[in-house]
Structure formats: C-alpha cells, structure tokens
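These notes are about the structure you will find just below.
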Amino acid sequence: MTTGRLIAVVGPSGVGKDSVMAGVVAALPAVRLVRRTITRAPDLGGEAYDAVTPEQFDAAASSGAFCVHWAAHGLRYGIPADVVTDTQNGIDCLANFSRSALLQADAVISNLLVLNITASPGVLARRLAGRGRESEAEIGARLAQAAKPLPQGLRVVTICNDGALEDTVAKARDALQPARV
C-alpha cells in the first residue's frame with residue numbers, strides 16, 4: 001500500500017490558505033481536509049475548527065488527542081492523532097499548519113509535504129486589512145513574520161497566490177497529483 005501524505009499548508013496570515021485548501025479538496029476529493037482544534041472562540045469565520053478552552057486543549061494534548069500541536073499568536077492549535085493512521089493507510093491529509101511545527105510533524109509523519117503559499121507584501125496587507133480582525137499594529141506584526149524562512153530539509157512546493165484563486169488552486173492541484181505516466 002502506498003503511504004499517504006500529510007500536506008502541511010503554510011504561509012503568512014492573509015495569503016489565502018483556507019481558500020486554496022477548499023479549492024484543492026474540491027478538485028481532489030480523495031484528499032482529507034483536516035479539522036484542527038484551536039483555543040479560539042467558536043464561529044469566528046475562516047476555517048471550520050473545533051473550539052476549546054485552554055484547559056480542554058491541555059487535557060486533550062495530555063491524553064494523546066493530537067499528533068502535532070503548537071502555540072502561535074496567543075492561541076494553541078492541534079492536529080488530530082488519527083492523521084497518522086490515515087496517512088499510514090494511504091490517505092492524503094491536508095492541514096493548515098504553522099512553520100514552527102513543521103519539524104515536529106516531520107518527526108511524526110513519515111511522508112510530509114509542505115505546500116508553501118506566498119503572496120506579495122502589498123497583497124497580504126490588503127487582505128489582512130479586509131478581514132477586519134486585526135489592528136494596524138497586529139497587521140504590521142503579521143507582515144513582519146511573512147518572510148520567515150522554512151526549516152531546512154523538508155520537501156516543499158511553493159505557490160504564489162497573488163492572482164486569481166482558480167489559478168492558484170490549479171497550480172496546487174497539479175503539484176499535489178501523482179505524476180501521470
């Protein structure tokens with residue numbers, strides 16, 4: 001049996017990760033879209049997630065509910081432990097990730113592929129402002145993080161999302177599909 005991949009989608013805030021991921025899953029329905037657990041209030045828009053309190057998150061992490069978890073931007077994020085089993089059973093799993101958790105994921109998942117989505121600083125600034133979730137200072141801090149490099153030694157596919165979403169999704173789909181003979 002072929003091992004599935006954990007496709008860890010990374011990129012700066014406002015780059016369009018959730019939109020690209022939804023497009024990829026629509027184009028490649030065999031790919032599992034991973035639902036994260038986050039210490040965030042429910043129903044804030046963007047991705048679908050399981051909202052928990054910090055105490056609930058700690059209990060879940062202690063009980064082994066996550067194969068990978070991390071903290072960023074004052075929140076905690078967890079990837080469900082069943083992703084390991086799914087990838088071992090040949091299922092490709094697509095998950096929104098943090099660059100800071102990639103080495104942890106690489107140690108846990110035997111077949112990790114990083115889908116690095118980028119956009120120009122001007123595009124990112126406009127998208128972040130349009131979301132209306134962050135102050136100007138918070139947007140500046142997120143933009144400063146945008147250029148952080150990825151860890152060395154990982155398999156990475158980089159796609160720019162400055163243009164039409166359909167074009168970005170098509171590039172991602174093509175990069176993720178198995179090679180055709």
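The values are calculated or read from the model by the stated rules, or taken from the named source; none is laboratory data. Values in this document were obtained by computation on a predicted structure and should not be read as measured data. Every residue, glycine as well, gets a Cβ built from its backbone with ideal geometry; the counts of neighbours run over all protein chains shown.
Quick look at the numbers
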| read-out | value |
| --- | --- |
| Residue list for segment 20-69, restricted to those being over 18 Å from the mean Cα position of the chain (by Cα), among the β-branched types (Val, Ile, Thr) and surrounded by 15 or more Cβ atoms within 10 Å (Cβ to Cβ) | 52 |
| Segment 53-68, residues that are farther than 16 Å from residue 34 by Cβ and part of a helix (DSSP H, G or I) | 54, 55, 56, 57, 58, 59, 61, 62 |
| Boolean, residue 140 is small (Gly, Ala, Ser), farther than 20 Å from residue 72 by Cβ, out of contact with any Gly (no Cβ under 7 Å at 6 or more places or on another chain) and at pLDDT below 95 | no |
| Filter result for the condition that a residue is aliphatic (A, V, I, L, M), touching a Gly at 6+ places or on another chain (Cβ under 8 Å) and either buried (at least 19 other Cβ atoms within 10 Å of the Cβ) or at pLDDT 90 or above (or both), over 119, 101, 95, 164 | 119 |
| Number of the condition not met by residue 13 [criteria: (1) within 17 Å of residue 115 (Cα to Cα); (2) small (Gly, Ala, Ser); (3) in a helix (DSSP H, G or I)] | (3) |
| Check on residue 152, among the polar types (S, T, N, Q) and modelled with pLDDT under 95 | yes |
| Some residue of segment 4-19 being under 30 Å from residue 120 (Cβ atoms), under 13 Å from the mean Cα position of the chain (by Cα) and polar (S, T, N, Q) | yes |
| Test: residue in segment 21-30 that is in contact with a Leu (Cβ under 8 Å, 6 or more places away or on another chain), at negative phi and assigned to a loop (DSSP other than H, G, I, E, B) | yes |
